[in-house]
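Notes follow the structure.
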Amino acid sequence: MLRCLLVFAIIISISTGFVNSHEETGQWSCDSNPQTRIKADYKPGVITLDGHSDDWVDVDGFEFSLLPALDPDQENEYDGGKMIVKALHDGNDVFFLLQVDGDYAYSTGISTKCPSVALMFQVGENASYHRMGGCAESPDSCTSKTCRGHEVDIMHFSIGSAIPGRLYGGNPIDNGVGNGGDRFGQLVDLYAWNPHCQYLDGISPSGNDSSAQNNWKGAWWHDSFTTHSGFMKEDSPYASGGQKGTYFFEFSRPLRTMDHLQQDVQFTIGQPSKLSVAFWYPVDGNPWHGSGHYSVSCDWLLLDISPGSTLPTKVDSTNSWDAASAFSLLLSVVSFCLSVFVGYWVSKAKSVPFTPLDHL
Ligand SMILES: *[C@@H]1O[C@H](CO)[C@@H](O)[C@H](O)[C@H]1NC(C)=O
Ligand SMILES: *[C@@H]1O[C@H](CO)[C@@H](O)[C@H](O)[C@H]1NC(C)=O
């Protein structure tokens with residue numbers, strides 16, 4: 001309760017890229033920088049989903065301070081460094097790279113003692129960033145009806161059971177069951193109406209729907225690793241703890257999914273979507289808890305899915321059709337003349353009288 005009051009008491013103001021917070025009573029408000037737009041340009045055939053960042057060097061990144069999501073106070077900024085977010089799409093899939101400096105921390109099987117990341121997207125038109133959709137219902141009353149319009153889509157990757165460089169997320173076994181889970185790597189596809197009404201895709205308090213899928217895929221890496229090929233589970237923890245370096249988290253998802261439950265964001269080329277990025281880190285080796293995460297912003301950021309190229313103008317397309325029809329007209333005139341000539345030649349040849357051999 002105290003935390004809720006605190007959250008509501010915080011008023012954030014961002015000016016020229018940095019955030020100040022004041023504790024004031026009243027509604028939560030956040031003046032995030034409206035200029036902040038992450039651009040996902042059309043660049044097909046560039047990204048391999050392997051956790052490595054070398055293929056992203058020519059893609060512009062967007063840098064963010066990581067402030068505690070529940071109390072975005074500059075004083076409590078993540079002290080490991082900033083987060084760089086990159087995005088692009090290839091016409092079918094959208095790709096994300098999250099890059100954040102951090103001393104290497106990894107405890108096999110204990111996700112809360114490893115870093116973790118999540119992406120959150122607005123689905124319902126009334127879904128707020130604050131309180132993850134902002135539906136006012138409690139867990140025993142939130143349903144797709146009572147919280148209609150407050151849906152957010154979440155991808156959460158907890159790397160405690162994920163081998164670096166290996167691909168996790170949607171897999172045939174969990175997708176066969178029909179929900180957004182990932183039993184192998186904990187790269188799960190969720191939706192929420194508020195922090196207390198958060199479920200795997202397809203799971204709902206009022207009944208499950210086995211048509212859901214986990215549409216995300218992803219991998220992670222830390223640049224203190226010395227091998228670039230084929231880690232296995234027995235290599236865990238893959239590097240010694242505490243080494244300076246940078247974590248990389250790489251994700252992809254189809255622009256459109258087959259969701260019909262209002263649990264997935266649908267991206268449209270040429271249109272913006274609203275997103276946010278969260279980061280968990282075991283500060284000083286202490287396990288993190290669900291709400292104790294950092295965020296790149298105190299409100300939605302805009303994600304632009306850029307078109308590949310501008311369409312040819314009407315004049316150009318008319319001209320090309322004119323050329324094509326002129327050519328086909330020429331062809332048909334030539335073939336008509338040819339057929340008249342062949343017909344004349346055949347009838348002329350036929351006028352030679354036929355003389356049976358046995359009459360000779
Ligand atoms: C969003 O909120 C507005 C204003 O309260 C309302 O008119 C609209 O129906 C809501 N949208 C949905 C999808 O519930
Ligand atoms: C929905 O699925 C979850 C997880 O598989 C399960 O725990 C729950 O009992 C299911 N609910 C219903 C109503 O079948």
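For this structure, a couple of remarks:
- Verdict on THR112 being on the phi < 0 side of the Ramachandran plot, hydroxyl-bearing (Ser, Thr, Tyr), within 16 Å of ligand 2 (Cβ to nearest atom) and surrounded by fewer than 24 Cβ atoms within 10 Å (Cβ to Cβ): no
- Residue in region 185-194 that is within 23 Å of HIS52 (Cα to Cα), within 16 Å of ligand 2 (Cβ to nearest atom) and not in a strand (DSSP E or B) present: yes
- Taking residues in region 167-190 that are under 11 Å from TRP216 (Cβ atoms), and partners anywhere that are more than 16 Å from ligand 1 (Cβ to nearest atom) and basic (Lys, Arg), the pairs with Cβ atoms closer than 7 Å and at least 6 places apart or on different chains are LEU167/LYS217; GLY169/LYS217; GLY170/LYS217.
- Test: residue in region 151-158 that is under 18 Å from ASP264 (Cα atoms), small (Gly, Ala, Ser) and more than 15 Å from ligand 2 (Cβ to nearest atom): no
- Only residues that are at pLDDT below 95 and within 16 Å of ligand 1 (Cβ to nearest atom) were counted across region 183-207, and they come to 0.
- The residues of region 196-240 that are within 16 Å of ligand 2 (Cβ to nearest atom) and either in contact with a strand residue (DSSP E or B) (Cβ under 7 Å, 6 or more places away or on another chain) or not small (Gly, Ala, Ser) (or both), listed by number, are CYS197, GLN198, TYR199, LEU200, ASP201, ILE203, PRO205, ASN208, ASP209, GLN213, ASN214.
- Test result for GLY270, assigned to a loop (DSSP other than H, G, I, E, B) and either touching a Lys or Arg at 6+ places or on another chain (Cβ under 8 Å) or at pLDDT below 95 (or both): no
- All positions within region 145-164 that are of a type in the set (Gly, Ala, Ser) and surrounded by 18 or more Cβ atoms within 10 Å (Cβ to Cβ): SER158, GLY160, SER161, ALA162
The values are calculated or read from the model by the stated rules, or taken from the named source; none is laboratory data. These numbers were taken from a predicted model, which means no experiment stands behind them. As a convention, Cβ positions derive from the backbone with ideal geometry for all residues, glycine included, and neighbour counts pool all protein chains shown.
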